[in-house]
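Engineer: I have a structure I would like to understand better, so I am pasting it below and will then ask my questions one at a time.
Only the coordinates and a few stated rules stand behind these numbers; no lab work does. Just so you know, these numbers come straight off a predicted model, no measurement behind them.
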Amino acid sequence: MRIAGSLVFAAVLTATPLAACAATTSGDISHIDRAAGSLVLDNGASFQAPRRAELSRLKSGEKVAVDYVMQHGKLDALAIRPANFNGNNPGLDANLGG
């Protein structure tokens with residue numbers, strides 16, 4: 001029991017800085033590299049998509065909002081959704097798998 005409690009505490013400590021550093025940006029998709037699992041917005045920002053995201057659902061020119069974190073010198077997308085997100089379309093994220 002003591003080990004399980006320690007693991008939960010460690011997981012909370014590990015997740016907290018990540019959540020604190022998350023940011024959101026939006027723009028039009030200028031390029032999608034489905035093989036590499038990445039996309040570029042019209043502002044030049046390049047994001048690595050969530051591992052299970054279905055990039056085939058996205059199109060160049062589509063306006064999206066991207067929740068991301070900076071890790072190891074690159075921008076990792078946590079979620080990608082239509083910029084006019086209204087809560088009915090969850091978008092693409094690691095939890096939903098697209």
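Engineer: Which length gain, in nm to one decimal place, applies between Lys74 and Arg52 when the Cα-Cα distance is subtracted from 0.36 nm times their residue separation? Each step should come with its number before you reach the end.
Structural biologist: Working: separation 22, 0.36 × 22 = 7.92 nm, distance 1.81 nm.
Gain in length upon complete extension: 6.1 nm.
Engineer: May I pose another question? Near the amide H of Ser26, under 5 Å away, which other amide H atoms are found, from residues 5 or more places off or on another chain, if H is placed in the peptide plane?
Structural biologist: Val66
Engineer: With equal scatterers on the alpha carbons only and no solvent term, can you work out the Debye log10 of I(q)/I(0) for region 22-93 at 0.12, 0.25 1/Å?
Structural biologist: Calculated log10 I(q)/I(0) at the listed q: -0.25, -1.21.
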